[in-house]
Amino acid sequence: MFSITFRQSLRTTGSTCRIPRLPRLSLPIRRFYASGSTIKAAVHKPVKVIGIDLGTTNSAVAVVEGEMPRILENSQGDRTTPSIVAFTTRGDVLVGATAKRQAVVNSENTFYATKRLIGRKFEDDEVQNDISHLSYKVVKHENGDAWLQTTVGENLSYSPSQIGGFVLKEMKHVAETNLNSEAKNAVITVPAYFNDSQRQATKTAGELVGLNVVRIVNEPTAASLAYGMNQKKNGLLAVYDLGGGTFDISVLDIDDGVFEVRSTNGDTHLGGEDFDNVLVKYIVGKFKDSQKGDEDITKNRMAMQRIKEAAEKAKIALSHVHKTRIQIPFIVKDENIDFELAESELDEMTMHLIKKTMEPLKKAISDADLKRSDIDEVIMVGGMTRMPRIRRMVGDFFNKKPNTEVNPDEAVAIGAAIQGAVLSGEVKDVLLLDVTPLTLGIETYGGLFSPLIPRNTTVPCKIQTTYSTAVDGQNSIDVNVYQGERPLVRDNKLIGKFKLTDIPPKPKGVPKIQVSFDIDADGIIKVSALDKDSGKRASITVFGKTGMSQAEVEQLVKQSKKTTKEDQMTLNYLKHVNNLELIVFDSEQAINDWSRFILEEEKESLGRKLSIVKRMISDSRSGDLFDVKLIKAAQVELKDETMEIIQNAGQRSRDARKKVQSHEPN
Amino acid sequence: DYNATLKKEELELIKDKEIQRILSCFRLDYYTILDTQPGIAKKDISKIYRKKSLLIHPDKTNNPKAVDAFDLLRKASRALEDDKERLPLDSAWTDARRDLIQEKGWTISDDRLLKSDFLIEWR
């Protein structure tokens, strides 16, 4: 009964088809410091654009369908996904809730809050400060950037961009499962106060996983879109955005669909994580006061991870109740942590952090040439804004109750999706006019910072300046570009150094090199130069920049593209193999159950086929066999054969019963 | 849909024309760039700026010159919103107007001063 076709198809196992090597696709990545034309060659109108809020602690993805934005749920049914990536000893990469769940047992390889490290140098004060709180290891990469070190496998180190990439890949996957189609184009959000390197690193994260990042949008601006789309109200809006790791304040003027950012300010290193750290310190102190043993709990990574989780839980609870209990049994040996924490205590110990948001708030208002009372509406975004003390303080500041209509966790992703729809042309009559958060300038004689584009300038924008030589025959000029608000360059952030070379030897002051600085709509800076005499483009060499080199990025993109496609194919195949194995189990089970009524020859025939199929399964798992058609055919035929045998057996059993009944009348 | 396509084409044409118009202006002639007259109120300047942005912002059109046109539009409106920059410009305009009236032998209250022919010549 095992048909001939099966045997024929089995023969094809001889020519097993291995996982095909895919042609290496190279993604065209826009060069950061393009020496080319400043005009975009072709503005592509992407089809469907998803919006991703890549948060410090949680991420979300949304899409606009039929002019209505909606959040897409992940496979667990959650509307946000923890921005946590873990590497296991088995070589698995876990993202989201699964990574969070195993954090206690694998804290050294569980990477959280990496957004606070993205686009930063290892030596940065903020990074050095964080290292003491983090359960994983931060190392210095060759180029001076802060990277993350694993202790599994070959002790690979990852850039924060790569970790962000894993999260983005997960969000892309969430979107694709929901939409049932490929999601290639994305708008990704960043804190408004992110500088050029941090923006660039975020964009790289998207490109690393094969996303076409059509725009980098500021988080508070995106939130304003989510608010403005529903309300259709005009007026001045303040967005107070305190998330897991960053704080932003933006002031916008909404006028008939045009969302014009008037000013923005913030702190890229202030958020829920800092509140957690304060609370962790408090809990540790409280424990030490009553500790009987002498173990230094801060050296115990697992205990610290448990305290951190308890701290976060208590903090969240205190947004809804006035008192909560912090209980951690058997934190070390036979000692427990168990005490009550009141909302007022939390308020008091984090007051210095809450107050830290005041200065940027005042600056943003004055930069927009406004008074506090001019603001028509205040919206609060980011999980931390659920803290009642923060709501009260912002309300007092503006003398206005903050609007609570937008969801603090979802507004940013929804806004990103709306901007995506604006860029794809799906939503018309809406335009975002965003600004650059930091002043762009160059270093002049004596380490002075000479501003070129002031902060809060609407992007895209550009400025041209002419440089000349200082000595006869000089053939190159060095230009150092900085971002920041301080008068001395050493207090600002070095964005890049570039060198104008191949200047024709002429007396000093004669050559005229026109350098143009562009800030594109992503807030990313591009520099190009033109020799005015010859009309030729001057050569620019960039070095000392944060981030990955072009070659590095391309290499990683290739790798990830290759693995994603291969992964997908293998995954699909292995699913079929698993199915087949289930059928094998079922068949064996059935033979056992009906053993009495199955003919020997049937048993033998099915047994033979089962052993062949089992070999196919093990070959597939070891990678020696790769043939979806064959597996599918085996599934069908094995199922049919078993069914038939079972039916026959059923008939026999009924017959037997009848016989027994007729032979033994009671 | 035939009509929709036609309408879209028309809108694109209007956008391209506006970009062309802005790029052909003298880059310091802020009033002409905004296609308005001296004496306009500050809040109307931002209104015009936003309205024109909806047309020519690089997010709204495929025209590769949109970046430059938008840059001019932005600079023009920012300059006119800033009194420090606007006042010297306005006095230059007033002088030009006076010279033009003298040249023509008109009086200050002449009706022809409000006609578009004069406004264009003045600019």
Practice item. Within segment A:139-149, count every residue that is surrounded by 21 or more Cβ atoms within 10 Å (Cβ to Cβ) and touching a Leu at 6+ places or on another chain (Cβ under 8 Å). Key: 2
Exercise for review: For segment A:175-198, enumerate the residues that are closer than 20 Å to residue A:71 by Cβ and either of a type in the set (S, T, N, Q) or part of a helix (DSSP H, G or I) (or both).
Suggested key: A:175, A:176, A:177, A:178, A:179, A:180, A:181, A:185, A:189
Point to revise | Number of the exception - residue A:162 against (1) under 20 Å from the mean Cα position of the chain (by Cα); (2) assigned to a helix (DSSP H, G or I); (3) surrounded by fewer than 21 Cβ atoms within 10 Å (Cβ to Cβ) | key: (3)
Practice item. Report yes if some residue within segment B:46-61 is β-branched (Val, Ile, Thr) and more than 28 Å from residue A:428 (Cα to Cα); otherwise report no. Key: no
Review point. Of all residues in segment A:409-441, which are more than 11 Å from chain B (Cβ to nearest Cβ) and of a type in the set (Ser, Thr, Tyr)?
Key: A:436, A:439
Revision key, fill the gap. Of the candidates B:40, B:56, the one satisfying the condition of being modelled with pLDDT of 90 or more, of a type in the set (A, V, I, L, M, F, W, C), out of contact with any strand residue (DSSP E or B) (no Cβ under 7 Å at 6 or more places or on another chain) and surrounded by 13 or more Cβ atoms within 10 Å (Cβ to Cβ) is B:56
Revision key, fill the gap. Note on segment A:221-238: residues more than 14 Å from chain B (Cβ to nearest Cβ) and in contact with a Phe, Trp or Tyr (Cβ under 8 Å, 6 or more places away or on another chain) are A:224, A:237, A:238
**Study point:** Single condition residue B:59 does not satisfy, out of (1) of a type in the set (D, E, K, R); (2) within 12 Å of chain A (Cβ to nearest Cβ); (3) part of a helix (DSSP H, G or I)
**Key:** (3)
Check your understanding: For segment A:382-397, what are the residues that are crowded, with 19+ Cβ neighbours inside 10 Å and touching a strand residue (DSSP E or B) at 6+ places or on another chain (Cβ under 7 Å)?
Key -> A:382, A:384, A:385, A:390, A:394
Revision key, fill the gap. Exactly one of A:209, A:217, A:167 is in contact with a strand residue (DSSP E or B) (Cβ under 6 Å, 6 or more places away or on another chain) and within 24 Å of residue A:93 (Cα to Cα), and that one is A:167
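Determine, yes or no, whether residue A:196 is of a type in the set (Asp, Glu), outside the structural domain of residue A:309 (by TED's automatic domain parsing), in contact (Cβ under 8 Å) with a residue 12 or more places away in the chain and surrounded by 23 or more Cβ atoms within 10 Å (Cβ to Cβ).
Yes, satisfied.
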**Study point:** Scope segment A:223-264; condition of a type in the set (S, T, N, Q) and in contact with a Gly (Cβ under 6 Å, 6 or more places away or on another chain); matching residues
**Key:** A:246
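Residue by residue, here is whether (1) more than 12 Å from chain A (Cβ to nearest Cβ); (2) over 25 Å from residue A:517 (Cα atoms); (3) modelled with pLDDT of 85 or more; (4) in a loop (DSSP other than H, G, I, E, B) holds:
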site	(1), (2), (3), (4)
B:52	no, no, yes, no
B:71	no, no, yes, no
B:89	yes, yes, no, no
B:109	yes, yes, no, yes
Practice item. Evaluate segment A:348-356: report whether one residue or more is modelled with pLDDT of 95 or more and touching a strand residue (DSSP E or B) at 6+ places or on another chain (Cβ under 6 Å). Key: no
Review point. Is there a residue being surrounded by 21 or more Cβ atoms within 10 Å (Cβ to Cβ), more than 14 Å from chain B (Cβ to nearest Cβ) and part of a loop (DSSP other than H, G, I, E, B) anywhere in segment A:457-479?
Key: yes
Point to revise | Filter result (crowded, with 24+ Cβ neighbours inside 10 Å and of a type in the set (Lys, Arg)) within segment A:220-277 | key: none
Point to revise | Residue count, segment A:264-281 (criterion: under 26 Å from the mean Cα position of the chain (by Cα) and either of a type in the set (D, E, K, R) or within 14 Å of another protein chain (Cβ to nearest Cβ) (or both)) | key: 4
**Study point:** Residue match in segment A:360-378 (condition: more than 30 Å from residue A:233 (Cα to Cα), among the hydrophobic types (A, V, I, L, M, F, W, C) and at pLDDT 95 or above)
**Key:** no
Practice item. Please find, within segment A:144-159, the residue that is modelled with the highest pLDDT out of those that are over 17 Å from residue A:91 (Cβ atoms) and assigned to a loop (DSSP other than H, G, I, E, B). Key: A:159
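The values are calculated or read from the model by the stated rules, or taken from the named source; none is laboratory data. Predicted model, so just to flag it, every value in this text is computed and none were measured. Neighbour counts are summed over all protein chains in view; Cβ atoms, including those assigned to glycine, are modelled from backbone coordinates with ideal geometry.
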